[in-house]
Amino acid sequence: MMLRLRSRDGLERVIVENPHTTTVSELKRIIEAQLRIPVHNQTLSTNQNLLLAKSREDLHRFTDMANPDLTLSSLNLAHGSIVFLTYEGERHVAGPAFNPAGSFGRKMTMDDLIAKQMRVTRQENPHCELVSFDRDCANAFQHYVNDTLAFAVKRGGFMYGTVSEEGKVEVDFIYEPPQQGSEENLLFFRDPEEEKLVEAIAAGLGMRRVGFIFTQTISQDKKDYTLSNREVLQAAEYHAESGLKEWVTAVVKLEVNEDMGADVHFEAFQISDVCVRLFKEGWFETEIKDDDDPKLSKMKKDVVVGVKDTKEVDNDFFLVVVKISDHQGPLSSSFPIENRNTQMTMKALRNHLDRTKSLPFVKRISDFHLLLVLARVLDLNADVPALTACVQTQTSIPEGYQILIESMANAA
């Protein structure tokens with residue numbers, strides 16, 4: 001009897017001698033022998049929802065094949081039946097057979113051989129253990145896209161913070177580059193001079209660029225995808241540029257709640273290692289047409305997904321879910337944020353200092369967006385490191401700097 005097995009690798013087949021005597025336990029041993037998946041890593045079910053399980057707790061809900069002594073016939077499994085399989089770990093799946101070069105075979109080019117090796121599988125575990133958002137910076141971002149932009153056009157930014165040895169990422173501020181957003185597209189107009197200031201401030205605070213954050217619009221919410229092909233391409237580009245294995249991609253969107261109202265929802269992912277590799281090596285088709293299916297990323301050459309060669313890959317194959325938390329970081333986010341609709345002036349600095357005059361001066365300037373305004377007029381090699389060192393350690397600002405900053409504000 002032939003049984004079909006559906007897993008994350010596609011559809012495969014195993015041969016069973018006698019369904020009336022073969023038990024679930026024996027089926028697992030057959031799968032191990034024929035498909036090289038260890039018995040202890042396997043979970044089987046006749047319920048296709050098994051393939052959507054995200055955690056061990058989810059897996060434990062599928063109990064129809066949990067009893068190792070049940071026979072296959074008692075589960076109504078017959079020739080050609082489908083059994084769903086999920087497993088822990090990775091394995092090598094043999095690609096489709098092909099004829100070797102010769103008088104009756106197609107010659108294999110070097111590109112063909114590379115494509116045979118370029119296998120796209122789901123990455124089970126992220127390099128980032130957890131991403132935690134500073135509540136103030138996350139709220140400042142979502143407040144703007146919700147109240148001002150009404151999720152009608154896309155908005156994005158680069159996240160800055162720290163990465164622990166265990167792979168935990170803490171996001172303490174979001175820098176929003178010059179940009180233009182539409183319903184489907186987000187275009188950054190990268191400013192190297194401004195980014196140089198941002199990097200200097202981050203370094204002085206003991207932080208670095210740790211991720212990319214963007215919104216999905218309300219029109220995108222009607223589409224059937226987690227990330228679109230354009231979003232995967234952009235996220236892969238920034239991940240590849242960063243060189244940081246814990247790099248996080250965060251998505252902010254509106255979701256309908258039980259009362260038919262709308263809640264702002266944060267999701268976090270890592271772009272998979274194979275996706276970053278495909279981007280770096282130029283496999284992605286970067287010209288996306290309006291009639292392309294947004295759920296699929298197009299490749300310039302065939303890759304192997306499951307057991308078939310294809311040029312189209314479901315975007316979900318490239319996403320690895322990251323757990324989300326929040327914290328109260330060392331910075332505030334109450335100063336007006338760069339590159340939004342309002343022009344940044346020294347009047348904003350004066351208003352901010354007036355509003356926070358009851359606080360110690362170091363607290364009053366412990367805001368990345370304020371420091372960015374100051375960095376435009378102060379010395380990048382001397383003044384910026386001196387101020388950010390005080391902010392990082394929360395020590396008193398030297399009187400000379402305090403007088404200088406107040407005089408800049410009062411000149412407004």
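Quick notes on this structure:
- All aspartates and glutamates inside 17 Å of Lys295 as judged from Cα atoms, apart from same-chain residues fewer than 8 positions distant: Glu183, Glu184, Asp221, Asp224, Glu231, Glu285, Glu287, Glu312, Asp314, Asp316
- Pairs of Cα atoms farther than 38 Å apart, the chain, %: 37
- In the full protein context, segment 2-87 carries 56 Å² of accessible surface per residue, based on a 1.4 Å probe and ignoring ligands, DNA and RNA.
- Sorted peptide list for 78-86, 56-64, 315-323, criterion being average Cβ within 10 angstrom, highest first: 315-323, 78-86, 56-64
- Per-residue HN-Hα couplings for segment 122-128 [Karplus 6.51, -1.76, 1.60; θ = phi - 60°; Hz; x = Gly/Pro]: 6, 8, 6, 10, x, 7, 8
- Structure note, pairs Lys253/Lys301; Lys28/Lys54; Lys280/Lys311; Lys245/Lys289; Lys245/Lys301: Cα-Cα distances above 24 angstrom occur for Lys253/Lys301; Lys245/Lys289; Lys245/Lys301.
- With respect to the chain, whose longest principal axis is taken over its alpha-carbon atoms, helix 346-355 is tilted by about 90°.
- Between helix 192-204 and the chain: long-axis angle, C-alpha atoms, 0 to 90°, nearest 10: 90
- The mean sequence distance of close C-alpha pairs (under 8 Å, at least 6 residues apart), as a share of the length of the chain, puts its relative contact order at 16 percent.
- 3J(HN,Hα) along segment 292-304: 5, 5, x, 6, 10, 9, 8, 9, 6, 9, 4, 10, 9 Hz, from the Karplus curve 6.51 cos²θ - 1.76 cosθ + 1.60 with θ = phi - 60°, whole Hz, x for Gly and Pro.
- Whole-Å semi-axes of segment 151-201's equivalent ellipsoid (Cα gyration tensor): 24, 16, 7
- Accessible area per residue for segment 346-411, computed on protein heavy atoms with a 1.4 Å probe, is 49 Å².
- Estimated 222 nm signal from helices in the chain, with DSSP H stretches of n ≥ 4 weighted -39500 (n - 2.57), rounded to 500: -8000 deg cm²/dmol
- Heavy-atom accessible surface of the chain: percent carbon and sulfur, 1.4 Å: 50
- Averaged over residues, the count of other Cβ atoms within 10 Å places the peptides 346-352, 16-22 in the sequence 346-352, 16-22, highest first.
- Once the Cα atoms are used to define both axes, helix 383-393 deviates from the longest principal axis of the chain by about 70 degrees.
- Highest-first arrangement of 180-191, 246-257, where packing means the average Cβ count within 10 Å: 246-257, 180-191
The values are calculated or read from the model by the stated rules, or taken from the named source; none is laboratory data. Since we're looking at a predicted model, the values are computed, not measured. A quick note on method: Cβ atoms are made from the backbone with ideal geometry, for glycine too, and the neighbour counts reach across all protein chains shown. When the accessible area is computed, the model is the full protein with side chains, heavy atoms only, and any ligands, DNA or RNA have been set aside. Shrake-Rupley method; radii C 1.70, N 1.55, O 1.52, S 1.80 Å.
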